[in-house]
1. Checking A:E54 against (1) within 16 Å of DNA strand C (Cβ to nearest atom); (2) away from chain B (no Cβ under 14 Å); (3) in a helix (DSSP H, G or I), only one condition comes out false. Which one?
2. Among the candidates B:A96, B:A119, single out the residue that is under 24 Å from B:Y27 (Cα atoms) and aliphatic (A, V, I, L, M).
3. Can you confirm whether B:Q173 is closer than 29 Å to B:P76 by Cα, within 7 Å of chain A (Cβ to nearest Cβ), touching a residue at least 40 places away in the same chain (Cβ under 8 Å) and not aliphatic (A, V, I, L, M)?
4. Quickly run through region A:122-151 and pick out the residues that are over 30 Å from A:A59 (Cβ atoms), at the interface with another protein chain (Cβ under 7 Å from one of its Cβ atoms) and in contact with a helix residue (DSSP H, G or I) (Cβ under 7 Å, 6 or more places away or on another chain).
5. Could you run through region A:189-207 and say how many residues are open to solvent by less than 10 Å² (accessible area, probe 1.4 Å), at the interface with another protein chain (Cβ under 9 Å from one of its Cβ atoms) and farther than 17 Å from A:S176 by Cβ?
6. Only one of (1) part of a helix (DSSP H, G or I); (2) open to solvent by 40 Å² or more (accessible area, probe 1.4 Å); (3) more than 30 Å from B:G29 (Cα to Cα) fails for A:P76. Which number is that?
7. Among the numbered criteria (1) more than 9 Å from every other protein chain (Cβ to nearest Cβ); (2) crowded, with 18+ Cβ neighbours inside 10 Å; (3) hydrophobic (A, V, I, L, M, F, W, C); (4) assigned to a loop (DSSP other than H, G, I, E, B), which single criterion is violated by A:A119?
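The values are calculated or read from the model by the stated rules, or taken from the named source; none is laboratory data. These numbers come from a predicted model, not from an experiment. Every residue, glycine as well, gets a Cβ built from its backbone with ideal geometry; the counts of neighbours run over all protein chains shown. These area figures cover heavy atoms from the full protein model, side chains too; ligands, DNA and RNA do not enter into them. Shrake-Rupley method; radii C 1.70, N 1.55, O 1.52, S 1.80 Å.
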Number of protein chains: 2
Amino acid sequence: MSQNRPDSLGARAILQTATQMFAREGYAGVSMNRLATEAGVSKANIFHHFSNKEALYLAVLEMACESASDVMDSTPIPENSTFEERITLLHCGFLASLEQNPDSTRLMTRELGRAGLSAANVPAEKVIAQFDIRFIRFIKLLTAGQQAGLLREDIDPALLATLMVSSNMFFFQSKSALNAMTGLDFAKDSQGFARGVMDILIHGIVPKS
Amino acid sequence: MSQNRPDSLGARAILQTATQMFAREGYAGVSMNRLATEAGVSKANIFHHFSNKEALYLAVLEMACESASDVMDSTPIPENSTFEERITLLHCGFLASLEQNPDSTRLMTRELGRAGLSAANVPAEKVIAQFDIRFIRFIKLLTAGQQAGLLREDIDPALLATLMVSSNMFFFQSKSALNAMTGLDFAKDSQGFARGVMDILIHGIVPKS
DNA sequence: GTCTATAAATTGATAGAC
DNA sequence: GTCTATCAATTTATAGAC
């Protein structure tokens, strides 16, 4: 099994359930026994569709990257809008896209973090490539604004892009925990958080004396 | 084994090696067999010191929280400094403290992310409490600045604190991956990144016309 | 494509000697 | 406190019928 469209009902069920389980419990946390039970198929059937556990994980990860890419590409690109509106829209849309497919996001985040830890990290490369696309998108928009004199010249667009991506990634990953902390009420309102962040970035934190 | 100071040589070796392995490979990714081998002790000796795998993990997590707390508390608090200098110092010091004990940070980050996924999450509560302390520290400083008219009134200090923490947490977690991406050269220079972020937050991204 | 049955290795954990 | 030897259960994976 390596093609992107699963053919049989079983293969679909396996991929779907495996995505959920790998995303929530990690590679080592999922056993083929439990996966088979929860997917409603026999264990042997999993090995019929996927040569081994790692191949299954790789297929799951590849699907996650694709669906994340699909969601991202569906972000509307408004033409007649100001620079500030555009980056705000991209920023808020990015967080929304993370939340639209939580399991894909979790899988990719997991791999991002593993990138530095284990050598010979083949699966992480696909994920890095996916994020690279996002970063390039942000940086492109920011650089254009900078050339138009709408963004401070001494700001590195890549650093600003990282700051924007950071806040969304961390918020998605930790919002449940944030919700349990003191005074972080906005944890329930993702878009409110994203807008608040952009307001700070655009206007700065210093009062206009 | 539940006290904080390991008594025997073996116990120390076990805790130290377990911290590394759990941090890098997660709870399910570590087997007692491998842990015993890598720690240079017998598997039975692990079960002599810790009643079971989960108890060991809990002990490791507790130690990680303590050492993270120790590092954090050692951040110097300058008296005669401006508001901007103070928050920049706190921000940069926070990232430095994350990097000073990478395994503790990884363990805690892992738990932060699990908080929303699995029910009855006892270990995560300690970690959340640890982060809560950090957030309160940030928020306190920001609120003081706000009352002194040095921070915009319509900014939620908790949201700004989250933005600051976010960027550092994500940077730490993903810097290896960031390093592999297009144009993100600052990924090698943590303190440079943290300073750049604070520069953006303080001065905003809009040029002074 | 799907299943039951089974194999071989590894898992978390214990018994008991020193 | 540390070890060797061992246990039952679970793990990944395969064989072979339908």
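1. Here A:E54 clears every test but (2).
2. B:A119
3. yes
4. Matches in region A:122-151: A:I139, A:L151.
5. The number of residues fulfilling the criteria is 5.
6. (1)
7. Checking A:A119 against (1) more than 9 Å from every other protein chain (Cβ to nearest Cβ); (2) crowded, with 18+ Cβ neighbours inside 10 Å; (3) hydrophobic (A, V, I, L, M, F, W, C); (4) assigned to a loop (DSSP other than H, G, I, E, B), the one that fails is (2).
Yes or no, residue by residue, for (1) on the phi < 0 side of the Ramachandran plot; (2) in contact with a Lys or Arg (Cβ under 7 Å, 6 or more places away or on another chain); (3) open to solvent by 20 Å² or more (accessible area, probe 1.4 Å); (4) away from DNA strand C (no atom under 16 Å from the Cβ):
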{"residue": "B:L35", "(1), (2), (3), (4)": "yes, no, no, no"}
{"residue": "B:A39", "(1), (2), (3), (4)": "yes, no, no, no"}
{"residue": "B:H48", "(1), (2), (3), (4)": "yes, no, yes, no"}
{"residue": "B:V71", "(1), (2), (3), (4)": "yes, no, yes, yes"}
{"residue": "B:S81", "(1), (2), (3), (4)": "yes, no, yes, yes"}
{"residue": "B:E85", "(1), (2), (3), (4)": "yes, no, yes, yes"}
{"residue": "B:E99", "(1), (2), (3), (4)": "yes, no, yes, yes"}
